[in-house]
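Heads up: the structure comes next, in C-alpha cells.
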Amino acid sequence: MKIFNGIPRFVQTFEKPVAIAIGMFDGVHIGHVHLIEMMKNCKTKIIFTFINHPIEVVNPRIIIKSITSLECKLKLLEQLGIDLCIIKQFDEEIENTPYTLFIEELHNKIQFDHIFFGEFAAIGKNREGSEENIKKLGLKMNFTPHYIKKIYFNGTKVSSTNIRKLLADGDLKTAKKLLGLHSSQSVWHEGQSNG
C-alpha cells in the first residue's frame, strides 16, 4: 500500500475505476470493513484519513482517545486491500475550506470515479458538503457518491464513538466484537490502554 502525506501535488494515474473513501477509520471496525467491501468492484481503492480527529480542532476542549495508532490503522487498511492511503493533519485551514474546493482538488489529482462516505457524513466549511450537495457536485464533475448506512450488532450501532465508550466502561467483550476478528488482535492492547 502506498502512503501519501496530503493530497499529491501532481496528477496521479491509477487503474480504473478508482474509488476513494473519506473518514477517520479509527479502530477499522466492522462498519469500516463493510464500507470497504462496497468498494470491491473498483480496481483501485483509496482511503483519505486524518492523523488527528477533526473534533479536536472544531472544539479544542474535547479530547478524543484514538482506538488505534496511525501506524496500526494503516496496517489494518493494507490488510483489507487498500491500494493507497492519503493521510493529512486536520487543521483550521481544512476546517475552513469549502467542500467544493476540497473535492475539486482531490478529484483533479486522484481522478476518482466513486467516492464513499459513512451515512449522514458532511464535509467542508460549516459542514456544507452534505449528501445532497456532494451528489450535485458529482453530476458536474462526473463521479458517483455513495453513502453507506451504519450497521448494528445486537442492537448496538457500530461506531468508533460507541467502541470508545465500551472500552471506557470496561465492556471489552462487546468492543472486541464490534472491532471484528480482522482488527481485534492488532488493536486490542491499544484499545485497552486508551479505555
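The values are calculated or read from the model by the stated rules, or taken from the named source; none is laboratory data. What you are looking at is a predicted structure, and each value in this text was computed from that prediction instead of being measured. Ideal geometry is used to build each Cβ from the backbone, glycine not excepted, and the neighbour counts take in all protein chains shown.
For the reader, a short list of remarks on this structure follows.
- Selection over the stretch 34-60 of residues that are among the hydrophobic types (A, V, I, L, M, F, W, C) and surrounded by fewer than 20 Cβ atoms within 10 Å (Cβ to Cβ) gives a count of 5.
- Residues of the stretch 8-25 classified as closer than 11 Å to Leu106 by Cα, surrounded by 11 or more Cβ atoms within 10 Å (Cβ to Cβ) and over 15 Å from the mean Cα position of the chain (by Cα), total: 2
- When the stretch 83-95 is filtered for residues that are surrounded by 18 or more Cβ atoms within 10 Å (Cβ to Cβ) and within 12 Å of the chain's Cα centre (by Cα), the ones remaining, listed by number, are Cys85, Ile86.
- First in the stretch 156-170 and outside any helix (DSSP H, G or I), second anywhere and surrounded by 12 or more Cβ atoms within 10 Å (Cβ to Cβ) and of a type in the set (Lys, Arg), Cβ under 6 Å, 6 or more apart: Lys157/Lys150
- Some residue of the stretch 42-57 being at pLDDT below 95 and either more than 15 Å from the chain's Cα centre (by Cα) or at positive phi (or both): yes
- Tally of residues being assigned to a strand (DSSP E or B) and more than 21 Å from Val58 (Cβ to Cβ) across the stretch 101-125: 3
- Test: residue in the stretch 100-110 that is under 16 Å from the mean Cα position of the chain (by Cα) and loosely packed, with under 14 Cβ neighbours inside 10 Å: no
- Extreme residue, modelled with the highest pLDDT, among residues of the stretch 157-189 that are more than 21 Å from Leu35 (Cα to Cα) and crowded, with 18+ Cβ neighbours inside 10 Å: Leu166
- Per the conditions (1) crowded, with 18+ Cβ neighbours inside 10 Å; (2) at pLDDT 95 or above, the sole criterion not satisfied by Glu128 is (1).
- Residues (assigned to a helix (DSSP H, G or I) and either on the phi > 0 side of the Ramachandran plot or within 18 Å of the chain's Cα centre (by Cα) (or both)) located in the stretch 126-155: Asn126, Arg127, Glu131, Ile134
- Lys125 within 20 Å of Gly23 (Cα to Cα) and free of Cβ contacts under 8 Å to residues at least 12 places away in the same chain: no
- Qualifying residue in the stretch 84-100 (condition: in contact with a strand residue (DSSP E or B) (Cβ under 9 Å, 6 or more places away or on another chain), over 14 Å from Asn5 (Cα atoms) and acidic (Asp, Glu)): no
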